[in-house]
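Notes for the one structure printed next.
The values are calculated or read from the model by the stated rules, or taken from the named source; none is laboratory data. Bear in mind the structure is a predicted one, so any value in this text is a computation, not a measurement. A quick note on method: Cβ atoms are made from the backbone with ideal geometry, for glycine too, and the neighbour counts reach across all protein chains shown. Ligands, DNA and RNA are stripped out before the accessible areas are found, and what is left, the full protein with its side chains, is counted by its heavy atoms. Shrake-Rupley method; radii C 1.70, N 1.55, O 1.52, S 1.80 Å.
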Amino acid sequence: MKLTGAEIFIECLKREGVKTLFALPGGVVLKIFDTLHQQKDIEVILTRHEQGAGHMAEGYAKATGKAGVCLVTSGPGMTNVITALADAYMDSVPLVCFSGQVPTSLIGNDAFQEADNIGLSRPCTKYNFLVKDVNDLAATIKEAFYIATTGRPGPVLVDIPKDVSMAKAEFTYPNSVSIRGYNPTYEGNKWQIKQAAEAIMKAKKPILYVGGGVGFSGASQELLELAEMTQIPVDMTLMGLGVFPGEHPLSMGMLGMHGTYEANMAMHYSDLVIAVGARFDDRVTGKVSEFCPYAKVIHVDIDPTSIRKNINVDIPIVGDCKTVLRELNQILRATVNGEQKDLRKPWWDQIREWQQAHPLVYHQEQDGPIKPQQVVKRLYELTKDRDPIVSTDVGQHQMWAAQYFKLGKPNRWLTSGGLGTMGFGFPAAMGAQAAFRNRLVLCIAGDGSIQMNMQEMATAVVSKLPVKIIILNNGFHGMVRQWQDLFYEGRYASSNLGTTPDFVKLAEAYGAVGLRVKKVGDLDAILKEALATDKPVIVDVPTYPYENCYPMIPAGGCNHEMLLEDPPELKKKQVGSEKVTPEDKDTVLTA
Amino acid sequence: MEHIISVTVENKFGVLSRVAGLFSGRGFNIESLSVAPTLDPSMSQMTIVTSGDERIIEQIVKQLNKLIDVIKVVDLNETEFVSRETAIIKVHTKDADRAEALRIVDIFRANVIDSTPSTYTIEVSGDPKKIEAIINLLQPLGIKDLVRTGRVAVAREPVRPVAAQAKKVARD
């Protein structure tokens, strides 16, 4: 029997196991929406902006480990989703985005709502397809899912012209895919793995540096075994949080620009860095020429281009983290003995010393303004038994969430790392909630970034996605303000948000629940109230506006040269100047 | 250092822009690029002349390999290769100069492929130095038009493919 392109599209999605589609309609995709409307297998979540659809698909993908799928229209629909595609490309998120296109006969004619979707998305997708013939549609969709989810995952765009969605063709779904130019390497080179095992046995000051690749590969168990067997401390990247239990005694927490003191010191002074599924981003390396000056480097990554891109590697292993670690563990299991523990005792003594010297600190006064760290810490303590999924936007609140919310498992952490996309958190949380309707999904946001995709609150209410948003409201683009205080002599160029909206009323206007924490003593009660609500909630927490995030390695600085607190001149300035206290802000908001 | 990279790609629309976009997006140099179908019409052969230090060339090769439409990448500098470029040069030839132009054509084993009373169109093939040399000699006569193909190159047998070399990197 012949099916229309739109029907073929739906049949393909079903065969790929897609249950949820994040979508926003438009002229050229109406046939697809009309067909979707007449079936029940795939739930369509109507977003209010295509960027939201893209981030929701990302959140869905990060939480489930499967490809997230979104559907947008031509022209502005496509340009709006670009940010999400670029974000997914940087953070290796498996995403399949379908875009509508004007009919093939009009392509290139500057038709209404026409855009060069292939050209626009080329630099921010792993691959993209323009389907010119309905007979190619099924095979193309199969290839799209294959490319998005294999190797180093990433976003793939399939551009479907209107006439292709309407034309009919015989439907057959291919069982397998073979692309001659695309053969990701999964098995690591055995000889190299043996070299790595030898280096690990000999190292006196080894450190594991693990990233998001461990999560995508599902290698958390193997990583845990490796770390425990060899007693090697574990540094996690921002993207890697959760791949190793945050409260494990071997966990050093996050490394990098706002990483913990011990994580960065251990990196700097180690004699063997074992990088697994991480890519030596500049927020991790700091000054490349002085990065890990004493270390040999082992680098396990599925993407050969990641290896030796930023720093020199002594033992490169191209392969899947899970497969490689499994093999590495096998060799080590046979050779590890008590000797390593003695060999590394001085190393661990040193690390414990670092941990005690400069733990993460903040000072919360009983009746003083609320400190943002306190909010994250309490939120963590109140929810950790419920195994929540946590999303963040980008900025100070993101770094505090990374420092204080100690995740135990992978696929719990939704954050925008590479691209640093403000506005990512809320829709990503909704995507995860759509995948797991009964789980607790938290979104830790800032008052600046939440406003970048605020419109999706309508989606959350209508589609019944009860995400809990906690806004650390400091009235600033906080990270920008921090840099201005540290590097631009305190000139707050366009970082002061001035009058922010009343988030409580805003939530209520959408039909969600709005709560505000007025003083630190109320924090627990209000958070508990929010957590007990079965609707989307905004908890507005006015926090101390001038809190800075430490430790901090200034951009281009060395990993062992961290700022640990406000420099004296900045402290003096903060004490002496007139400040807006949270109480004042509250009066402004409720007046 | 200058490298000549031979890239076998899928012969379909958009592939050239993926390769060109990779070079521009990552700030790699392209000195010349030539592309045409191979014996198998489903594939095209690109010859890219680029430059950079060892790290950059390694990245270029890896990044090209990562492109899904790229089937094979060979850094010809890893081995012995032969390369050629063709130039077509249209020169003004006053009566007094016509014999001189022909002499130059003869010296360089070039050909006159078109002629009018006031011009010769000359075709010359060779390595870039030879082409530079003939241009220098023809310049005093007055060059009206100059087009160059960019270099094409092929490895001398036997060749070590870069696909195998990537694995060798892993063994180092």
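Taken together, A:G498, A:G446 contain a single residue that is closer than 23 Å to A:Q373 by Cα, under 23 Å from the mean Cα position of the chain (by Cα) and not hydroxyl-bearing (S, T, Y), which is A:G446. Comparison of B:L102, B:L64 shows that the only residue that is assigned to a helix (DSSP H, G or I) and either surrounded by fewer than 20 Cβ atoms within 10 Å (Cβ to Cβ) or away from chain A (no Cβ under 14 Å) (or both) is B:L102. Taken over the range B:15-56, the residue count meeting the criterion of being touching a helix residue (DSSP H, G or I) at 6+ places or on another chain (Cβ under 6 Å) and within 13 Å of another protein chain (Cβ to nearest Cβ) is 4.
Number of residues in the range A:449-473 that are over 17 Å from the mean Cα position of the chain (by Cα) and in a helix (DSSP H, G or I): the value is 10. From the list A:P359, A:P316, A:P369, A:P388, the lone residue that is touching a strand residue (DSSP E or B) at 6+ places or on another chain (Cβ under 9 Å), open to solvent by 40 Å² or more (accessible area, probe 1.4 Å) and at negative phi is A:P369. Say we look at the range A:391-429 and pick out the residues that are touching a residue at least 60 places away in the same chain (Cβ under 8 Å) and open to solvent by 40 Å² or more (accessible area, probe 1.4 Å); which of these is nearest to A:V461 (Cα to Cα)? By that ranking, first place goes to A:N411. Here is the figure for the range A:167-198: residues that are away from every other protein chain (no Cβ under 14 Å), within 32 Å of the chain's Cα centre (by Cα) and within 24 Å of A:Q340 (Cβ to Cβ) total 1. Within the range B:5-44, restricting attention to residues that are assigned to a strand (DSSP E or B) and without any contact (Cβ under 8 Å) to a residue 40 or more places away in the chain, the residue that is surrounded by the most Cβ atoms within 10 Å (Cβ to Cβ) is B:S44.
May I ask you to list the residues in the range A:64-84 that are open to solvent by less than 10 Å² (accessible area, probe 1.4 Å) and either within 13 Å of the chain's Cα centre (by Cα) or of a type in the set (V, I, T) (or both)? A:V69, A:V72, A:T73, A:V81, A:A84 - these are the residues of the range A:64-84 that are open to solvent by less than 10 Å² (accessible area, probe 1.4 Å) and either within 13 Å of the chain's Cα centre (by Cα) or of a type in the set (V, I, T) (or both). Where helices (runs of 4 or more DSSP H) fall entirely within the range A:475-545, those with at least 3 residues that are surrounded by fewer than 17 Cβ atoms within 10 Å (Cβ to Cβ) and among the hydrophobic types (A, V, I, L, M, F, W, C) are at A:478-487.
For the range A:168-194, the set of residues classified as open to solvent by 100 Å² or more (accessible area, probe 1.4 Å) and among the hydrophobic types (A, V, I, L, M, F, W, C) consists of A:W191 only.
The range A:95-173 holds strands (runs of 3 or more DSSP E) entirely within its bounds, and those carrying 2 or more residues that are small (G, A, S) and under 21 Å from A:V18 (Cβ atoms) map to A:95-101. Return a yes/no flag: does the range A:242-262 have any residue that is within 14 Å of chain B (Cβ to nearest Cβ) and over 19 Å from A:Q355 (Cβ atoms). The answer is no, given that none of the residues of the range A:242-262 is within 14 Å of chain B (Cβ to nearest Cβ) and over 19 Å from A:Q355 (Cβ atoms). When the test is whether a residue is within 14 Å of chain B (Cβ to nearest Cβ) and more than 24 Å from A:V324 (Cβ to Cβ), A:D116 passes it.
In this structure, A:V164 qualifies as away from chain B (no Cβ under 14 Å), buried (at least 24 other Cβ atoms within 10 Å of the Cβ), on the phi < 0 side of the Ramachandran plot and in contact with a strand residue (DSSP E or B) (Cβ under 9 Å, 6 or more places away or on another chain).
The residues on offer are A:K296, A:K309, A:K287, and the sole one that is open to solvent by 10 Å² or more (accessible area, probe 1.4 Å) and touching a Gly at 6+ places or on another chain (Cβ under 8 Å) is A:K287.
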